[in-house]
1. Any residue in the stretch 3-28 that is within 14 Å of V44 (Cβ to Cβ) and modelled with pLDDT under 85 sitting within a Cβ distance under 7 Å of a residue that is among the small types (G, A, S) and not in a helix (DSSP H, G or I)? List the pairs, counting only those 6 or more apart or interchain.
2. Of the numbered conditions (1) modelled with pLDDT of 75 or more; (2) within 28 Å of P9 (Cβ to Cβ); (3) touching a helix residue (DSSP H, G or I) at 6+ places or on another chain (Cβ under 9 Å); (4) in a helix (DSSP H, G or I), R54 fails exactly one; give the number of that condition.
3. Are there any pairs, at least 6 apart or on different chains, whose C-beta atoms fall under 8 Å, with the first in the stretch 253-273 and more than 12 Å from A331 (Cβ to Cβ) and open to solvent by less than 70 Å² (accessible area, probe 1.4 Å) and the second in a loop (DSSP other than H, G, I, E, B) and modelled with pLDDT of 90 or more, and if so, which?
4. Need at least 2 residues that are more than 38 Å from the chain's Cα centre (by Cα) and closer than 22 Å to P354 by Cα per element, so show me which strands (runs of 3 or more DSSP E) inside the stretch 241-309 make the cut, counting only ones lying wholly within it.
5. Taking the stretch 29-47 as the search range and keeping residues that are assigned to a helix (DSSP H, G or I) and open to solvent by 80 Å² or more (accessible area, probe 1.4 Å), which one is modelled with the lowest pLDDT?
6. Out of the residues in the stretch 82-98 meeting the condition of being part of a loop (DSSP other than H, G, I, E, B) and in contact (Cβ under 8 Å) with a residue 12 or more places away in the chain, tell me which one is nearest to G39 (Cα to Cα).
7. Criterion first (modelled with pLDDT of 70 or more, of a type outside the set (A, V, I, L, M) and closer than 28 Å to R163 by Cα) does R273 satisfy it?
8. If I ask for residues that are open to solvent by 40 Å² or more (accessible area, probe 1.4 Å) and part of a loop (DSSP other than H, G, I, E, B), which ones from the stretch 337-356 would you list?
Amino acid sequence: MSLRGRIRPLWLDVGLTVLVVAVQLWPFLVSERTWDWRGYVVVVVSAVPVLWRRQAPVTALLTSLLATSLYDFTGTVPDQPIWYGGLIAAYSVAVRSPRWLRLSMLVATVGGSLILNSSQTALRVAVLFVAVYATGRAAATSRAHAERLEHEREVESERAAERERARIARDMHDILSHAVSLMVVQAEAGPVMLKRDPAKAEAAFEAIASAGRDAMVQLRRILQVLHTDEQPQAAPQPRLADLPTLVAASDMRFETTGRPFPVAPDVELAVYRITQEAITNVIRHAAATRAEIHLGWETDAVTIEITDDGTAPDVVRKGNGLIGIQERATACGGVATAGPRTDGPGFRVTARFPTR
């Protein structure tokens, strides 16, 4: 606890002690009689333990009870119906002490009153201290419950932030991999086209610039989100309507069948990222001359299929890209498969997302 946090309870206890002293001395002050000076001392001593009730609640209670037990032996003093210092100390014991200790103190307090006082006084003391004990336990339980809820909220907030960071990292991987792959392919083709067909060379360099600009725009959105708050929030995400632009930049064929219908935003994002990762893999590894992307709208599902006529490996090794494709599909309740085509040379990636 900070110094400021410790000072505030201290001043609260000082004020509470002064108030208890004033209330318990009130019977002495409102009367014109002369009272035994020892009565004043007992009243003050019974209230002073309130000062250390937080640090040593049991000691505070025992000190207050010991002082009040001497009150009747001090001589001529006014009746003192309620000893507030002891009640406050008993409340602190109920809130801050272990179960066995607080119950022992309750039994000792009530039992001692039965032995030392009249039945009427003992009954009053028992009722007061049991009520204070119950109030203290209720306050402690409520505080513990509130702290537990606050801790759970903090843990869930941290988990949500971690999940969002992981998602952002995955998106940045997809964006950069796709953009860099396109730029490398076009850069390698540029010099060849420059000699054979300057117009195509110009288009290749424009494709490089376009891929770079698109990547910068998407990365800027993500970085802007990360810089606007301590905990990352959801960044603007691509949608299915952005698929034609994505495919056009890779110079692949894109077709759609079926009648489009609204789908969940996370499904739209998954379809886009899966397509982006599949295009990147085709550019990097397939050595294909032709690739097709098919978006299908079925009655109860939306599917995306990416095929190429390149060289498919005999054994498919699942790197980060293919694992990410499967994870994205599974996270949305879908299923993704990837492997060599059975109807000809090349590779096929398929993802299906049920909509019901």
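The values are calculated or read from the model by the stated rules, or taken from the named source; none is laboratory data. No experiment lies behind these values; they were computed from the predicted model shown. With ideal geometry, Cβ positions are generated from the backbone for all residues, glycine too; neighbour counts draw on all protein chains shown. Heads up: the accessible areas ignore ligands, DNA and RNA and are worked out on the full protein's heavy atoms, side chains in. Shrake-Rupley method; radii C 1.70, N 1.55, O 1.52, S 1.80 Å.
1. none
2. It fails just one condition, (4).
3. G258/E298
4. It comes to 253-257, 291-297.
5. Checked the stretch 29-47; the qualifying residue modelled with the lowest pLDDT is L29.
6. By that ranking, first place goes to W83.
7. Answer is yes for this residue.
8. R341, T342, D343, P345, T355, R356
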